[in-house]
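K.L.:
Below is a structure I'd like to ask you about.
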Amino acid sequence: MEVPEKFTKPYNPQATEDEIYKKWEDSGYFNPDNLPLRLDAQGKPVEMEPFCIVMPPPNANGSLHAGHALFVTLQDIMVRFARMRGKKTLWLPGADHAGFETQVVYERQLEKEGRSRFEMPPEQLYKEILDFTLGNKIFMEGQLRQLGASCDWSRELFTLDERVVKTVYDTFRKLNDDGLLYRGSRIVNWCPKHQTSLSNLETERETRTSPFYYLKYGPFTIGTVRPETKFGDKYVVMHPGDARYSKYKEGDMLELEWINGPITATVIKDEASDPAVGSGVMTITPWHSGTDFEIAQRHNLPYEQIIDWRGKLLPIAGEFAGMSIKDARAKIVEKMQQKGLVEKIDGDYTNEVPVCYKCGREIEPQVKAQWFVKMQPLARRAIEAVTSGEVKILTDSQEKILLHWLENIQDWNISRQIVWGIPIPAWHRSTYAHGKQDEEWHIGENPPAGGLGDGWTRDTDTFDTWFSSSQWPFITLGFPDGEDFKTYYPTDVMETGADILFFWVARMLMLGLYITGEVPFKNVYLHGLVRDAKGQKMSKSKGNVISPLTVSNEYGTDALRMGLVVGNTPGTDLNLAPSKIGAYKKFANKLWNIARFVLSQDLPAGRQETEGAIRQELKDEFDALAADVTNDIEQYRIYMAAEKLYHYVWDRFAAEIVEESKGKPEYGATLYYILENSLKLLHPFMPFVTEAIWQELPEKESDLLMVAQWPARHSGGPQK
RNA sequence: GCACUCUUAGCUCAGUUGGUUAGAGCGCUCCCUUCACACGGGAGAGGUCGUAGGUCCGAAUCCUACAGAGUGCACCA
């Protein structure tokens, strides 16, 4: 048989991939509504079982990184597998405005241009970031195509689309109606650079070595790393059971000399003061410390701001007012030393300080009025869903981590002081009652009847991006009435990075259950971080970032995909070495050459299962592999399926069966059978090269391999 | 402090419910351009599966302790 000319040269992914992707996209089969019907033995169309994955929408603020390539690969494997098995398969793509993340990226750009967001009108800033994001979005979509993503572009949604905003507002209102939303002045994580509060998850802890100061506070010794917060400390707290201080009673007043002169201190007994720590006595700064704030609340103590929003000392600091806390610390200590208030300094005290996860600056705890969601009731339902198996988490250890977090959940601050996001639909005005100033709030997109004239102004804050993202699965499917929602919800799999288990997965679970009454997804597959060849985290500053697009250009997308998948178990990190990807480039070429050989053989006319033409023992062996691989993919052991296929095709098919067949024309049908079906099994993993070969087959069941029928129906073993 | 994970060949990692001579990629040694493929083929070296106990007919796989590495959450006077 004539072998097509192209097979005489090594497989060339660069010359092949774009054209193949275009064929797929033009076919319309990414959209499940267009999938070809499958007929049963009687020629009647088979009812198609739905299968759906909602894609974690990539942030539209830059280029795709290796982590994106990994999720595209894993999800595309699951999706192509389902599609070939005749399911009505929807992979729903999106693009994320990524609120704070994108604003930070854009601010960096502004800084380079010598501009600042604090010097521009919010409307202008918003407009600029919108343009920036929409530009990136198109770019990012092209990159997803390059990675072979077989998602339904016709259903793509952007996280700021009208439908999203509307649903998010409905949810906000419902939370309020159900008593799960409150506005409260609490300690928040304040980033002095970004001028916004952050959730706990958006802070990281850094171990620092700092001087620890033992200060004389009247008859007591108190310890602190932050003398600059101590100006307002007028309460001295000790454990009620601490015998050393039994002569002091709650409410005792003491006159003592402090940083800027004499003050009156009041004794407070509270169990939060740990006798084992330092002297067992502490003073409190309720405005800038979580524990202190709680003590102040319990004892109904006043609190005062010491440090402003930019990290500078306020007038209460007297001569130090206006100084940054960093500069002030040494000067304050110097003054206290002169006054004999410093007992000793411990030079190498290590503590962990919270820092902004974006800029690394120390978080300044501040008291601020914010919107909070009460999470405990939502978490309870999520815990039930996990423990009952309504939602299955891969792996067991990730499930434990999730449950541990849910069981210890804290209320969620969902307001951010940034412009790039969905504005919070709330209005407020000052009111006076019983001689006391208060604030009245109204939830809704519009001010209450009476309107602006009555002094109502709109909340300028925006939602934490994750608040809207957490509603993504049901929003994208058109909750509550959309056809897709009815067909595809709950979705089959949520595949995403283990690093956003709490940020996103846990919250999707909670809000999905809360709003729809059902879990948003039945299975959760969590992948680990993609690291460099040495196991180091990729970062721009280290210069070890591997761009998936560059790799794809050099080795081919199929090779990249295999390199990302083989040996990569869920939940664990993956070290990505270019040499490994190179190995799979060779594999793609191997497959190419097998095809060349097989197509050069004399194939029986109408090769369809010519009675006895296919060697039974080889067919049985192949079919067993197909069943095994099918089972592995069903159980999400994608890494094993990929490796088994690699070894079968190379070590068994190429090295043995093909060799054995040489000079034996009667092997033709067998070789063809194995080739054709190997292409099918490999297609989810290496879609481009398999489709390219498929296109050259003389006789094929469907124009596109993408919608060919999966060779094994086997489904065995328990589902996890 | 609470929780989780890892320790298998020189390197990076697989090893599904415990079961015959422990696997892959890369690297290494030697050989081969023969008619699918040098992005190839053949041959080979290399591991007492962290340590010490235990359960079992049988353990890299289960249990305990210890050692080393790492991660998450919370607190931090």
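K.L.:
Express in nm, to one decimal, how much length is gained between residue A:297 and residue A:193 on full extension, taking 0.36 nm for each residue of separation and deducting their alpha carbon distance. Mind dumping the intermediate values first?
P.N.:
Values: separation 104, 0.36 × 104 = 37.44 nm, distance 2.84 nm.
Stretched fully, the residue A:297-residue A:193 segment lengthens by 34.6 nm.
K.L.:
Ok, one more. Please list, in chain and number order, the residues 5+ apart from residue A:38 or on another chain whose amide H is under 5 Å from its amide H, with Hs placed from the backbone.
P.N.:
A:46
K.L.:
Sticking with this structure for a sec: Suppose each label sits 7 Å from its Cα in the direction of the beta carbon; what would the residue A:316-residue A:131 distance come out to in nanometres?
P.N.:
Distance between label points: 4.4 nm.
K.L.:
Between residue A:536 and residue A:15, what length in nm is gained on full extension when 0.36 nm per residue of separation is reduced by their alpha carbon distance?
P.N.:
Details: separation 521, 0.36 × 521 = 187.56 nm, distance 3.32 nm.
The residue A:536-residue A:15 span can extend by a further 184.2 nm.
K.L.:
In this model, which of A:44/A:664; A:230/A:542; A:540/A:580 are farther than 30 Å apart at the alpha-carbon? All intermediate terms of the calculation are to be shown ahead of the outcome.
P.N.:
Working: A:44/A:664 41 Å; A:230/A:542 39 Å; A:540/A:580 22 Å.
Result: A:44/A:664; A:230/A:542 exceed 30 Å.
K.L.:
Could you give the dipole magnitude of chain A about its Cα centre, charging the beta-carbon of Lys and Arg +1 and that of Asp and Glu -1, in debye to the nearest 20?
P.N.:
With Lys and Arg at +1 and Asp and Glu at -1, about 1460 debye.
K.L.:
Sticking with this one: Roll a 1.4 Å probe over the protein chains and send me the accessible area per residue for chain A in Å². Each step should come with its number before you reach the end.
P.N.:
Numbers: 30760 Å² over 720 residues.
Normalised by residue count, the accessible surface of chain A is 43 Å².
K.L.:
Given points 7 Å out from each Cα along the Cα-Cβ axis, report the residue A:41 to residue A:2 separation in nanometres with one decimal.
P.N.:
It is 4.1 nm.
K.L.:
Taking square-rooted eigenvalues a ≥ b ≥ c of the alpha carbon gyration tensor, is chain A rounded, prolate or oblate, where a/c under 1.5 means rounded and, failing that, a/b exceeding b/c means prolate? Before the final figure, lay out each step's value.
P.N.:
Details: a/c = 2.62, a/b = 2.20, b/c = 1.19.
Verdict is prolate for chain A.
K.L.:
Going down the table (A:174/A:368; A:88/A:392; A:23/A:700), which pairs top 18 Å between alpha carbons? Please list the in-between numbers first.
P.N.:
Numbers: A:174/A:368 24 Å; A:88/A:392 22 Å; A:23/A:700 16 Å.
Listed pairs above 18 Å: A:174/A:368; A:88/A:392.
K.L.:
Could you work out how far the C-alpha centroid of the range A:249-326 sits from that of the range A:55-82, in angstrom?
P.N.:
With the range A:249-326 and the range A:55-82 each reduced to a Cα centre, they are spaced 50 Å.
K.L.:
Now a separate question. Taking only C-alpha pairs under 8 Å that are 6+ residues apart, what is the relative contact order of the range A:65-211 in percent?
P.N.:
Numbers: 77 pairs, mean separation 43.1, N = 147.
Relative contact order of the range A:65-211: 29 percent.
K.L.:
Using a 1.4 Å probe, how large is the accessible area of residue A:404, given in Å² and rounded to the nearest 10?
P.N.:
The accessible area of residue A:404 comes to roughly 120 Å².
K.L.:
Once phi is turned into ³J(HN,Hα) by the Karplus curve 6.51 cos²θ - 1.76 cosθ + 1.60 with θ = phi - 60°, what whole-Hz value does each residue of the range A:387-403 show in order, with x for glycine and proline?
P.N.:
Each residue of the range A:387-403 in turn: 6, 7, x, 4, 10, 10, 9, 9, 9, 4, 5, 5, 5, 4, 4, 4, 4 Hz.
K.L.:
Also, quick follow-up: With all protein chains present and a 1.4 Å probe, how do A:174, A:193 order by accessible area, largest first?
P.N.:
The most accessible residue leads, giving A:174, A:193.
K.L.:
Probe 1.4 Å, all protein chains in place: accessible area of residue A:131 in Å², nearest 10?
P.N.:
Approximately 80 Å² for this residue.
K.L.:
Can I ask one more? In straight Cα distance, which aspartates and glutamates are under 13 Å from residue A:586, not counting same-chain residues fewer than 8 positions off?
P.N.:
Leaving aside aspartates and glutamates fewer than 8 places away in the same chain, those within reach of residue A:586 are A:554, A:558.
K.L.:
Taking amide H atoms as placed 1.01 Å from N in the peptide plane, list the residues 5 or more away in sequence, or in a different chain, whose amide H sits under 5 Å from that of residue A:88.
P.N.:
Under 5 Å from the amide H of residue A:88 lie the amide H atoms of A:49, A:51, each far enough along the sequence or on another chain.
K.L.:
Which of the three applies to the range A:202-305, rounded, prolate or oblate, going by the alpha-carbon gyration tensor with a ≥ b ≥ c and a/c under 1.5 meaning rounded? Let's see the in-between values first.
P.N.:
Details: a/c = 1.37, a/b = 1.32, b/c = 1.04.
Cα axes put the range A:202-305 in the rounded bin.
K.L.:
Any chance you could count the Lys pairs in the range A:249-345 whose alpha carbons are under 29 Å apart, treating pairs 8 or more apart or on different chains as valid?
P.N.:
Lysine pairs satisfying the spacing and distance rule in the range A:249-345 number 16.
K.L.:
Place the peptides A:473-486, A:233-246 in order of packing, highest mean first, counting for every residue the other Cβ atoms within 10 Å and averaging per peptide. Intermediate values should be presented prior to the final figure.
P.N.:
Numbers: A:473-486: 19.1, A:233-246: 17.5.
Result, highest mean first: A:473-486, A:233-246.
K.L.:
Once you treat every alpha carbon in the range A:517-645 as an equal point and sum by Debye, what is log10 I(q)/I(0) at q = 0.16 Å⁻¹?
P.N.:
Relative scattering, expressed as log10 I(q)/I(0), comes to -0.97.
K.L.:
Taking the Cα centroid of the range A:159-210 and of the range A:553-604, what is the distance between the two, rounded to the nearest whole Å?
P.N.:
Cα centroid of the range A:159-210 versus Cα centroid of the range A:553-604: 44 Å apart.
K.L.:
Once phi is turned into θ = phi - 60°, what whole-Hz ³J(HN,Hα) does the Karplus curve with 6.51, -1.76 and 1.60 give for every residue of the range A:537-552, x standing for Gly and Pro?
P.N.:
4, 6, 8, 4, 5, 7, x, 10, 6, 9, 7, x, 6, 5, 4, 4
K.L.:
How large is ³J(HN,Hα) for each residue in the range A:364-371, as worked out from phi by the Karplus curve 6.51 cos²θ - 1.76 cosθ + 1.60 (θ = phi - 60°), to whole Hz, x for Gly and Pro?
P.N.:
Coupling constants for the range A:364-371: 9, x, 9, 8, 8, 7, 9, 8 Hz.
K.L.:
Another question about this same structure. I need the shape label for the range A:273-334. Rule: rounded when a/c is under 1.5, else prolate if a/b > b/c, else oblate, with a, b, c from the alpha carbon gyration tensor.
P.N.:
It is oblate, given that a/c is not under 1.5 and a/b is not larger than b/c.
K.L.:
For residue A:127, list the lysines whose Cα falls under 16 Å from its own Cα; do not include residues on the same chain fewer than 8 positions away.
P.N.:
Those lysines meeting the cut-off are A:137.
K.L.:
How large is the accessible surface of residue A:191 in square angstrom, using a 1.4 angstrom probe and rounding to the nearest 10?
P.N.:
Residue A:191 has an accessible surface of roughly 0 Å² with all protein chains in place.
The values are calculated or read from the model by the stated rules, or taken from the named source; none is laboratory data. Because the structure is a prediction, the values reported are computed rather than measured. Here Cβ is always computed from backbone atoms with ideal geometry, including for glycine, and neighbour counts include all displayed protein chains. Quick note on the areas: whole protein, heavy atoms, side chains included, nothing else; ligands and nucleic acids left out. Shrake-Rupley method; radii C 1.70, N 1.55, O 1.52, S 1.80 Å.
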